[in-house]
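Just below is one structure, and these are the notes that go with it.
Quick note: the coordinates plus some simple rules give every number you see, no bench work behind them. The structure presented is a predicted model; accordingly, all values stated were derived computationally and were not measured. Heads up, the Cβs are rebuilt from the backbone with ideal geometry, glycines too, and the neighbour counts pull from every protein chain shown.
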Amino acid sequence: MSKIEQLIKEKCPNGVKFYKLSEISEKFTGLSGKTKVDFENGNCRYISYTNLYNNPSINLKANDYVNIKSNEKQNDIKFKDILIAGSSENLEDSGMVSVVTNKPSEKIYLNSFCFGLRLTSKYFDMYNADFLKHLFRSKVFRNQITRCSFGVTRYNLSKAKLLKIKIPCPPIEIQEEIVKILDNFSKLEAELEAELEARKKQYEFYKDKIFNSNMKKYKLGELCNITSGGTPSKKNNEYWENGNIKWLGSSVCKSKKQVDEITAYITDLGLKKSSAKLLKPGTTLIAMVGATIGKIAYLNFEACTNQNVAGLWPKNREILNNEYLFYACTNLYNNFLNLSKNGFAMANLSFIKNLEIYLPTLQEQERIVNILDKFDKLVNDISEGIPAEIEARRKQYEYYRNKLLSFEELKVND
């Protein structure tokens, strides 16, 4: 029998009390009456709703400032406050909650898109702040929040419905034991994320070092056959329905050595009746338009692309390795960013053909590929690299969080 099971058997064998949020807390609002000028000349820190999305607990180190006058009666944040995003751009983030788990050393405020719940004195000591941190991210609570949200392009939270939600209140000893277990999972995930960030920096350092040399540069147009794709007419169903040819848009270019999504499928007729071209595995893809401009991918299967993607294939594979070409092109990203300085970013095939890369010997190219493959797998591979380990830890944490925070409600006779 685990320690938690033993504690439950001793202290609450028949279930635990549940309380409506309206019973145990008082609502307070975020900043009000503020203008743009107040946020330009700030003297106090504030937290916006975006700070709450990925942070189950707030360490109160907000970086944004707002001007608070000495005679203003704005609500500053206190220890154990429950901070809630009242508005969001998607349902997943609607009503996202963060809990203040450390005592503020200075006054910090919530912006107007947020509101907070403050435990009343009667219930303050009945809840562990870190227990609440995990509880409000649990599946049971998030499902209830979704039912309190409304909107189409932007989602708002019904405060009246939220306050009717009931949360469990197990004995404090049980809460503390749950926190120990779940915090350990969170700590392991944080350590892995820190390692991943360090490895990414190391990866970029080696790439910069490798692709900065005194060797002669060659234009991509000299070394590669470069082509763009096309889009079959959407008006003709025969080009799309029951298609079996993979067709990719520029969103697949994520500067990773793989393509992990398929945009759509087209038919043989769609391929024949459009400017789309079937590209071989080992083709380097470069996005030429918009938010993904300059980002690349390494095609690991046969596919077509739309007109916003360039496909590069070596003219002579005895002097240019396909995989080396991919890695060399990752170092060209800043050239594309310069195109976006004057508005909408767009490149063309002529621009790409004039970009230059170093061309070491084929043996040296293979050595470089072997080095960078190890880093790429470590930082990008969702099946065996650090991202895979992070995902496994995250799922493990979510499993135990949902399991540990599911309580039977104590039935009280009238």
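Work out, step by step, the length gained on full extension between A392 and K315: first 0.36 nm times the residue separation, then minus their alpha carbon distance; give nm to one decimal. The partial results should precede the final answer.
Values: separation 77, 0.36 × 77 = 27.72 nm, distance 4.20 nm.
Answer, rounded to one decimal: 23.5 nm.
If R0 is 45 Å, what FRET efficiency do you get for K107 and N338 from their C-beta distance, rounded to 0.05? Let's see the in-between values first.
Numbers: r = 43 Å, r/R0 = 0.96.
According to the calculation, E is roughly 0.55.
What percent do you get for the relative contact order of region 214-359 when only Cα pairs under 8 Å and 6+ apart count? List each step's numbers first, then the result.
On the way: 332 pairs, mean separation 47.7, N = 146.
Answer for region 214-359 is 33 percent.
Report, ordered by chain and residue number, the lysines lying within cross-link reach of K11, taken as a straight Cα distance under 19 Å and ignoring same-chain residues fewer than 8 apart.
Leaving aside lysines fewer than 8 places away in the same chain, those within reach of K11 are K3, K180, K403, K411.
L349 to E72: FRET efficiency via 1/(1 + (r/R0)^6), r the Cβ-Cβ distance, R0 56 Å, to the nearest 0.05? Walk me through the numbers before you get to the answer.
Details: r = 59 Å, r/R0 = 1.05.
It comes to 0.45.
Check which residues have an amide H placed less than 5 Å from L279's amide H, if you skip close sequence neighbours.
A303, C304
Specify the inter-centroid distance of region 1-73 and region 128-162, based on alpha-carbon positions, in whole Å.
13
Considering only the other residues whose Cβ falls under 11 Å of the Cβ of L220, what net charge follows from Lys and Arg at +1 and Asp and Glu at -1?
Details: positive: K217, K219, K315, K353; negative: E222, E356.
In short, +2.
Find the relative contact order for region 1-133 and round it to a whole percent, using C-alpha pairs within less than 8 Å whose residues are 6+ positions apart. It would help to have the intermediate numbers written out before the result.
Numbers: 227 pairs, mean separation 43.0, N = 133.
Relative contact order, region 1-133: 32 percent.
Given a Förster distance of 41 angstrom, what is the FRET efficiency for N41 paired with T146, based on the Cβ-Cβ distance and rounded to 0.05? Can you show the working numbers first?
Working: r = 39 Å, r/R0 = 0.95.
Calculated value: 0.60.
Can you return the lysines within cross-link range of K34? Criterion is Cα-Cα under 19 Å, with same-chain partners fewer than 8 residues away left out.
Counting by Cα, and skipping residues close in sequence, K34 has these lysines nearby: K69, K73, K107.
Can you tell me the length gained on complete extension of the stretch N242 to Y265, counting 0.36 nm per residue apart and subtracting the Cα distance?
Values: separation 23, 0.36 × 23 = 8.28 nm, distance 0.78 nm.
Roughly 7.5 nm would be gained on extension.
With the chain treated as a Gaussian network of Cα nodes joined by springs under 10 Å, which of K216, K353, K200 yields the largest mean-square fluctuation?
For the chain, modelled as a Gaussian network with Cα springs under 10 Å, the answer is K216.
Using a simple spin-label model with points 7 Å from Cα along the Cα→Cβ vector, what separation in nm is obtained for F301 and K166?
According to this spin-label approximation, the distance is 4.9 nm.
Show the residues, 5+ positions off or on another chain, whose built amide H is closer than 5 Å to the amide H of M96.
Distant-sequence amide H within range of M96: A85.
In straight Cα distance, which lysines are under 25 Å from K246, not counting same-chain residues fewer than 8 positions off?
Within the straight-line limit of under 25 Å, K246 reaches these lysines: K234, K235, K254, K256, K257, K272, K273, K277, K280, K295, K315, K377.
Would you mind calculating the gained length between E173 and E5 on full extension (0.36 nm times residue separation, minus the Cα-Cα distance), in nm to one decimal?
59.3 nm
Given an 8 Å cut-off on Cα distances and at least 6 residues of separation, report the relative contact order of the chain as a percent.
On the way: 764 pairs, mean separation 67.6, N = 414.
Dividing the mean separation by the residue count of the chain yields 16 percent.
Rounded to the nearest 500 deg cm²/dmol, what is the calculated helix-only ellipticity per residue at 222 nm for the chain, with -39500 (n - 2.57) per DSSP H run of length n ≥ 4? Walk me through the intermediate numbers first.
Values: 16 runs with 152 residues, N = 414.
Taking each H run of at least 4 residues, the total per residue is -10500 deg cm²/dmol.
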